[in-house]
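Since every read-out is calculated from the coordinates, none of them should be taken as a lab result. Computed from a prediction, not measured in an experiment: that's the story for all the values here. Note: ideal-geometry Cβ built from the backbone for every residue, glycine included; neighbour counts use all protein chains shown.
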Amino acid sequence: MLHLNRIVPLLNQHKKFILFFTLGITVAAAVLVNVLPVEYKSVATISPVNIQLADKGRIFNPNIKDLYSFFGNGDDIERIESANDWNSIYRAIVKENKLADYFHINELDTNASIDKAVNILRKKLYVKPTEKGQLQIIAWAHEPDTALLWVKTFRSKINLRMRECIQLQYDSVIQQLSKSLEALTKQSIIPTEVTDSSKVATSIREMKEHSIMQLIANNITLTGEWRQARAAIPDVLTVLDEGIADKTAVRPNKLIVISGAFLAALLFGMAWVIVYHRNNLQ
């Protein structure tokens, strides 16, 4: 059983070893932290916009538009956060900014270089939710301006991708309406075979023709509304706090790293002395 009255003298006896070991590790950590390239942080705080703001009913019905909240809900936040897994966005950023060269990746296969650059970029550029229901786009780069550029590019591509998804839904509806209009137009120009000239039959034919023309008119109106709604799709993200080229937020934090190395080395040195001489403490 270990006793404090035996441990203290033992540590005092080997204090030189503990001191030199601690100083050695601390100096090594200081040298390493000064050799490693510094990375600067850029952060933009954003919030997803309520997707329902793009609803056609909201745009053309003034009685319900006030029921829509401007900000998105938890599902919208998770949907935007999932951009961390959108490989196509990361690959596009790597290609556009030639990040394979920036990360000093030398692969004969271009795709392999891009894949490695993407894996590195995922650790340096990502979306993180906050406790207040907002999102932060965080970037770490060797230059403050580069970190800011990555934040803006990532935000722009997320916004564009989400808008494209909404536009695809609108395009699908517009395409279906166009097919319906084409069928109705063909039906309206095909002459009706007259097999009964009675007043009742004539009235029915006129009603059918009127109904078809009414359907065509409604189709044209609906198509126009959907096209206007498609053109009025809002941005998916709203910026609450624009990112800046911050020269103060850096990693590694030299003070924390060196202090941590000092404390860890001191504790390890004392623990090693105790374990090594444990037989003397019995």
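How would TYR126, TYR90 line up from fewest to most surrounding beta-carbon atoms within 10 angstrom?
With the fewest neighbours first, TYR126, TYR90 line up as TYR126, TYR90.
Among LYS128/LYS254; LYS152/LYS254; LYS98/LYS132; LYS157/LYS186; LYS98/LYS247, which pairs are too far apart, with a Cα-Cα distance over 32 Å? Checking Cα-Cα distances, LYS98/LYS132; LYS157/LYS186 exceed 32 Å. Each of LEU149, LEU135 was scored by other Cβ atoms within 10 Å of its Cβ. Arranged with the fewest first, they read LEU149, LEU135.
When LEU11, LEU32 are sorted by how many other C-beta atoms sit within 10 angstrom of their C-beta, beginning with the fewest, the order is LEU32, LEU11. Rg ratio for segment 221-282: its Cα radius of gyration over 2.2 N^0.38 Å, N being its residue count, equals 2.90.
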